[in-house]
1. Just for the Cα atoms in the chain, what are the lengths along the principal axes, largest first, rounded to whole Å?
2. Taking the Kirkwood radius as the inverse of the mean 1/r across Cα pairs, report the Rg/Rh of the stretch 25-118.
3. Quote to one decimal, in nm, the extra length available between Lys19 and Val171 on full extension: 0.36 nm per residue of separation minus the C-alpha distance between them.
4. Output the direction-averaged projected area (hull surface divided by four) of the convex hull of the alpha-carbon atoms of the stretch 64-149, in nm².
5. With every protein chain kept in place and ligands, DNA and RNA left out, what is the accessible area per residue of the stretch 32-140? Probe 1.4 Å, answer in Å².
6. Given only helices, namely DSSP H runs of n ≥ 4 each adding -39500 (n - 2.57), what is the per-residue ellipticity at 222 nm of the chain, to the nearest 500 deg cm²/dmol?
7. Compute the signed sum of charges (Lys and Arg +1, Asp and Glu -1) over the other residues within less than 13 Å, Cβ to Cβ, of Ser110.
8. Can you tell me the length gained on complete extension of the stretch Lys119 to Glu37, counting 0.36 nm per residue apart and subtracting the Cα distance?
Amino acid sequence: KLWRVEDGIITGETTEENKITHNSFLKWPQGAVDDFELTLQYRISGGNSGIQIRSFALEKPYAVGGYQADIDAAGQWAGTNYGEAFRGVLAKRGEKTTIGEDGKPTVTGSLGDPAEVAKAIKQVDEWNSYRIVAKGNHILCEINGVPMSEVVDEDTDTRRRAGLLAFQLHVGPPMKVQFRNIKLKR
């Protein structure tokens, strides 16, 4: 009731009549992925979404946790690497971080001023291109060809070397997110 395909485009939507009580995810059914490059286009109308990578299933139905390449309509989080049910913000837009053995990120470099980097992201209801590269303990997120966040995860106890791919619908006000031209290269 939350996800459909319309004109070849994966569409997730919540409405006033069709609300969710927790974040819900559409999981890629082909199992876990480890090292990969994922490219796709997205557009969003309201709310917050994301692309889960190397994630794990949670107990709630249709819920996952792990690394997330963030998307949002307000333009405050898109490009951020967020740990959904998994350590919180790992690298804000414009940051290079290293996650230490304590599971906490430390800013180790810059990809540019966050406000300047954000200018590459198109507005609500426009298509944006997302590219995510995960290799070893390194994850890079780019939107429209501009590096947004970069993480090196050195927490050997907690880091994720492989896991699920999934798209997110966020709890809250009605929202719509769409994905197309999805290509996964292992």
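The values are calculated or read from the model by the stated rules, or taken from the named source; none is laboratory data. This is a predicted model, so every value here is computed, not measured. Neighbour counts run over all protein chains shown; Cβ positions are idealised from the backbone, glycine included. With ligands, DNA and RNA removed, areas are computed over all heavy atoms of the protein, side chains included. Shrake-Rupley method; radii C 1.70, N 1.55, O 1.52, S 1.80 Å.
1. That works out to 44, 37, 30 Å along the principal axes.
2. Here the Rg-to-Rh quotient is 0.97.
3. Length gained, Lys19 through Val171: 54.0 nm.
4. Orientation-averaged projected area of the Cα hull: 5.7 nm².
5. For the stretch 32-140, the per-residue accessible area is 43 Å².
6. Taken over the chain, the calculation gives -500 deg cm²/dmol.
7. Overall, the nearby charge balance is -1.
8. Full extension of this stretch gives 27.2 nm more.
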